[in-house]
Amino acid sequence: MQGVILPGQARVEIEEFDRPEPGPGQVLVKMKASGLCGSDLRAIYHEHRGSDPNERYQNVIAGHEPAGRVVAVGPGVSGFAAGDRVVAYHIVGCGHCEECRKGFMIGCHSPGRSAYGWQRNGGHADFLLAEARTLLHLPEELTYADGALVACGFGTAYQGILRADVSGRDRVLVVGLGPVGLGAVMLAASSGAEVIGVDLVPERLELAEKAGAANVLLGGEDASEQILELTGGHGAEVALDCSGSATGRTLCLEAARTWGRVVFLGEGGSVTFEPSPLLLHKQLTLHGSWVCGMHEMGQLLEHLARKGLHPDATVTHAFPLSETKRAYEAFDAGRTGKVVISWEDA
Ligand SMILES: [Zn+2]
Ligand SMILES: [Zn+2]
């Protein structure tokens, strides 16, 4: 089988690998869709930046957003059989620590923790050797690309929606309309909220409108005032930063309504702000949120299927595995929606 390695310096190498055999507790998945994630660009594609063990890329097959069809199961596996459509939670935890017990394997600190596409072979290959305990059934209503998007980006967005307890009573500001931001727009709108999307890239504003944003605006010096105007002078009840930038994070605090809820979802960077006027005197609740739990991912799949929602509506570019280099170049140019590797023989 073929698989993709990301050696750094924007190189993408396709190599030949033996097709793996599933061992005890393992499942062999024929890949159907594999998403590219912003964290691939941030910490792997240009240079291997991961300094802590969880972010250190170990020159394995890349891709941590896998969805596909089960072709073989190893000894002791129950609940999955050949032919099942599946999506993988992208981290294999120790299974015993407090975070693993909660289903938040992302927070596992055991030396044995590994993530697909970071420390163990991931989804940018014809087959994925998965641990059965990381798999969820992909509902019939959803496409494989929908499943791939849920594996990281939409799962992250959904957890942010849960943390802010978004409902139809809220106006939700989403700052940064990359894949996670577009997910947040779609999920907030499908929860009944009125969504305002902000980004610096005009193409992304259009994608946000398609995803359900009632209002979109270009980021800039007067963004905060424009949001106040759109919300009758009050500000947004909920503000989600998906940009990871200092200006995006500050805008969320500025444009949040008094007693509002703010969630920082965007990775990287840093921010400096005055806590008294922006946080304390506004009585804000500020959450940090990182990916989601296994249970929440299952809940999200059910929500999408029931509401007839398709995360793959945010996909602007799909490439075959042989053109993964072009896929990363397109994604890195910063004007795409979601980019996926897909297998036509689905
Ligand atoms: Zn990711
Ligand atoms: Zn653990």
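The values are calculated or read from the model by the stated rules, or taken from the named source; none is laboratory data. This one's a predicted model, so the numbers in the text were calculated from it and none came from an experiment. Don't worry about glycine lacking a Cβ; one is built from the backbone with ideal geometry, like all the others, and counts go over all protein chains shown. Surface areas here come from the heavy atoms of the whole protein model, side chains and all, with no ligands, DNA or RNA. Shrake-Rupley method; radii C 1.70, N 1.55, O 1.52, S 1.80 Å.
A few remarks follow.
- Among the candidates 132, 145, 164, the residue that is open to solvent by 10 Å² or more (accessible area, probe 1.4 Å), over 22 Å from residue 327 (Cβ atoms) and of a type in the set (Gly, Ala, Ser) is uniquely 132.
- Cβ-Cβ distances below 7 Å connect the following pairs, each with a first residue in the range 223-238 that is within 21 Å of residue 168 (Cβ to Cβ), a second residue that is surrounded by fewer than 18 Cβ atoms within 10 Å (Cβ to Cβ) and aliphatic (A, V, I, L, M), and a separation of six or more residues or different chains: 235/228.
- Failed item in (1) open to solvent by less than 20 Å² (accessible area, probe 1.4 Å); (2) away from ligand 2 (no atom under 16 Å from the Cβ), with residue 48 passing the rest: (1)
- The single residue among 127, 104 that is within 16 Å of ligand 2 (Cβ to nearest atom), of a type in the set (Phe, Trp, Tyr) and out of contact with any Phe, Trp or Tyr (no Cβ under 8 Å at 6 or more places or on another chain) turns out to be 104.
- Residue check: residue 43 meets all listed conditions (1) open to solvent by less than 40 Å² (accessible area, probe 1.4 Å); (2) touching a residue at least 40 places away in the same chain (Cβ under 8 Å) but one, namely (2).
- Among the candidates 92, 150, residue that is open to solvent by less than 30 Å² (accessible area, probe 1.4 Å), under 30 Å from residue 247 (Cβ atoms) and either more than 16 Å from ligand 2 (Cβ to nearest atom) or of a type in the set (A, V, I, L, M, F, W, C) (or both): 150
- Of all residues in the range 3-36, those satisfying the criterion of being open to solvent by less than 10 Å² (accessible area, probe 1.4 Å) and over 26 Å from residue 74 (Cα atoms) are 6, 8, 36.
- Residues that are of a type in the set (Ser, Thr, Tyr), more than 15 Å from residue 327 (Cβ to Cβ) and under 18 Å from the mean Cα position of the chain (by Cα) within the range 9-56 comprise just one, 39.
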